[in-house]
Amino acid sequence: MGFALMLISAGKKSDKDKPSPNQKKVYTTLDRTIVPDMAMTWPVVKINDPGNFEKYGYGKWHYGPGLPCQKRLDLMPSGYDYSSVTNAGKLLRFFTISDIHLTDKESPCQLIYFAQFAPGGLGISLYSPLMLYTTHVLEATINTVNGLHKQDAIDFGIALGDLGNSMQHNELRWFIDIMDGKTIKPYSGGHKSGTNNQYQDEFKASGLDASIPWYATLGNHDHFFLGSLPMNPKIQNALTGNTIMQVGNVFSDTDPLDKSTYSAGTLDGSTQYGNIIGAGKVSTMGAIPTITPDPDRHAILSIDDWTKEFNNSTSLPGHGFIQSNSSNVFGACYSFIPKSDMPIKVIVLDNTMDANGGKYEEGFYGHGDLNNGRYDWLMSQLKAGQEANQLMIIAAHVPIGVSSKESGMDWKPAPGYTNEKDLINQLRAFPNLILWVSGHRHLNNVTAFPSIDPAHPENSFWEVETKSLREFPEQFRTLDIVRNSDNTISIITTNVDADMPAGSQAAIGRSYAIASFQVYGIQGEPLPTGSVSYNAELVKKLSPAMQNIISNYGKPIK
C-alpha cells in the first residue's frame, strides 16, 4: 500500500521527477489497477488443486484503469474552502508494508486441515497455495519500493507487524535477510528445489536500497502461535521435530492443544504444487507421514528475543528496537526522528496482547492492548512530542476505533483508559498527532477521527490501514506528508501493486492469491473507503503555533 507520489494529489509531475530514459517506470494504482478475470462457476475447483486453477480461469487478471486520489476534508471545520489551497512543501515520504506472513510451508505446526471449516473465507489464513511464494512476494515488493525511490526519494519504510506467520526463527530471518539483501533458502527440512518446485530455489535478495532506513512493529503472529495461542512445550517440541502436530478441534474445543484428535497437516515442498500431507482425523488416517526435522524452525520464545534478532542485520542494526538513548525504547515500543532537520516524530507502539500467563483466551489473541506500562510510555512520548513542537505519527499493528467486539480485534481496557473510546479521546488531546498507521485486519481502509470540539479542529487525527502481502491484492502503501499553502497538512496515501514480471515465482504467487480469493468466495468488503485499493489526500488542520513553525519547512513542490 503505498503512495509513490509520482503525482501529488491531482498535481502535475515535474520533469525532474520523471524516470530517466533508461529507468523503468514503476506504476502505482493511480496509474492502473489489477482486475481479476471472471472464473468459471462450474466445475468448482478446490483450493488445494492449484494445478487446475488456470484451466478453469482462476487466478487470471488484467490491468484496469487507475484510481483517483480522493480529497478528504473530514477533519476540517465546517465551511473550509480548499479550492485555492495548493501543496506547498514536502515534509516526509515513507512506505508501509504489513502482515507479510512469511510462511514456512513445511512447518509441522500449522492448522491446514481446519481451513475447510473456517467461516466466511477465513480459511485463507490457514491455507492458500500462495504459502509457497511468500518470500518471493516480499522480494518483488522490495524491488518495487527501490524503483519508486529512484523516481521520488523515500525517507524510510516500516513493516507494521506479522512479519512471520507463527513465531518461527527461520520466518523472521527470512524477513530481515530479504530486507538486507542476503541469500534466501525458502524451505525447511530436506526439500530443496527439484524439476517442478522452483519455489524452493535459493535466491539472492536485492535488499532494500541502502539509503532507506527500515523499521518494524510487533504483530500478534510474531509472538503467538499462528497469532492465536501462546507457545507451549507441545508446539515448541513439534516445530523442530519430524512429527506433524496433532490437536483437537480448534473451532470447538476449549483447549485444542491438550488433544490429539486431528493431524493438522503440512505441505510437501518436493511437489510442484506443495501437496497437503498428513491432514485429517487421526483415527481414520492410518500411517501419518513424517517430515525432516530442522532446528532452525525453533520458536522465538520471548518478545525480547524477537527484538534482539533485529540487531543481526547489516542495514541498520537494531532497526529502532535497540538505541543508545534507552528512554526512546520500552520493550517492543520505540520512537525515532526520521529526518534530523524535520520536526516529525514516529512512535512505534506494541499494542498487541500479552500471553496472560499462557491462558487460552477467546481463541484469538488479536485484541489491542496497552497494559504492562505501555500506556504510560505512549502518553510520555506524546507529551514530549507535543512540547517539542513535533508532528507525530503512531505506527502500531492493531488499528484503533474500527473493530467490533465480535471481531476479536477491538481493544482491551488497561490502566489509564477504560475502553477504546476513552483512549481515542485522550489521543485527541494532542493536536500534533496527525496519523496512526496500522495493519492487522488485512484491509485497505482510511478512518477519520475528528475533533469533538468545533472550536479546536486540530484535535483530530487520521488512521490509515495497510493490506496484507499474503492476500490479494498484495499491496503496500506510500505516504507523503505535505505542507499546504495555508499551512494545513496533507497526508497523501497511495496503494502500490508490486511489479511481478510474467513467469516469475512472485507472479505465480499473485495468480494463486487471486485464485484463492475466488475459490474461497471472498469479496472486497463495502467499506467506506474500499477494502481492495484506496488512494486519498487526507487534510488536517494544525494548531496556530504549529502552523507558524511548520511554515518554515518542506522542500518546495513544483
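The values are calculated or read from the model by the stated rules, or taken from the named source; none is laboratory data. Quantities reported herein were computed from a predicted structural model and do not represent experimental measurements. All Cβ positions, even for glycine, are placed from backbone atoms using ideal geometry, and neighbour counts span all protein chains on display. For accessibility, only protein heavy atoms count, side chains too; no ligands or nucleic acids. Shrake-Rupley method; radii C 1.70, N 1.55, O 1.52, S 1.80 Å.
Assorted remarks:
- Most to least packed among 279-291, 452-464 [average Cβ atoms within 10 Å]: 452-464, 279-291
- Summing charges over all other residues whose Cβ lies under 13 Å from the Cβ of residue 432, with Lys and Arg as +1 and Asp and Glu as -1, gives +3.
- Matching the structure-derived Rg/Rh (Cα atoms, Kirkwood Rh) against the labelled list (1) 0.96; (2) 1.11; (3) 1.02 gives the label (1).
- Working from Cα pairs under 8 Å separated by at least six residues, relative contact order for the chain is 23 percent.
- Taking a Cβ cut-off of under 10 Å around residue 538, the surrounding Lys, Arg, Asp and Glu residues balance to a net charge of 0, with basic ones at +1 and acidic ones at -1.
- Estimated [θ] at 222 nm from DSSP helical runs (n ≥ 4, -39500 (n - 2.57)) normalised by residues in the chain, nearest 500: -5000 deg cm²/dmol
- Summed residue charge, Cβ within 13 Å of residue 85's Cβ, Lys/Arg positive, Asp/Glu negative: +1
- Listed values for segment 262-267 are Karplus-derived 3J(HN,Hα) couplings in whole Hz (6.51 cos²θ - 1.76 cosθ + 1.60, θ = phi - 60°), namely 10, 8, 6, x, 8, 10, and x replaces Gly and Pro.
- Antiparallel DSSP beta bridges within the chain, as percent of all bridges there, nearest 5: 65 percent
- Heavy-atom surface of segment 403-457, accessible at 1.4 Å and reported per residue (Å²): 40 Å²
- Of the peptides 410-416, 234-240, the ranking by mean beta-carbon count within 10 Å, highest at the top, reads 234-240, 410-416.
- Solvent-accessible area, 1.4 Å probe, carbon plus sulfur percent, for the chain: 51 percent
- Order by protection proxy (mean Cβ within 10 Å, highest first), peptides 42-52, 110-120: 110-120, 42-52
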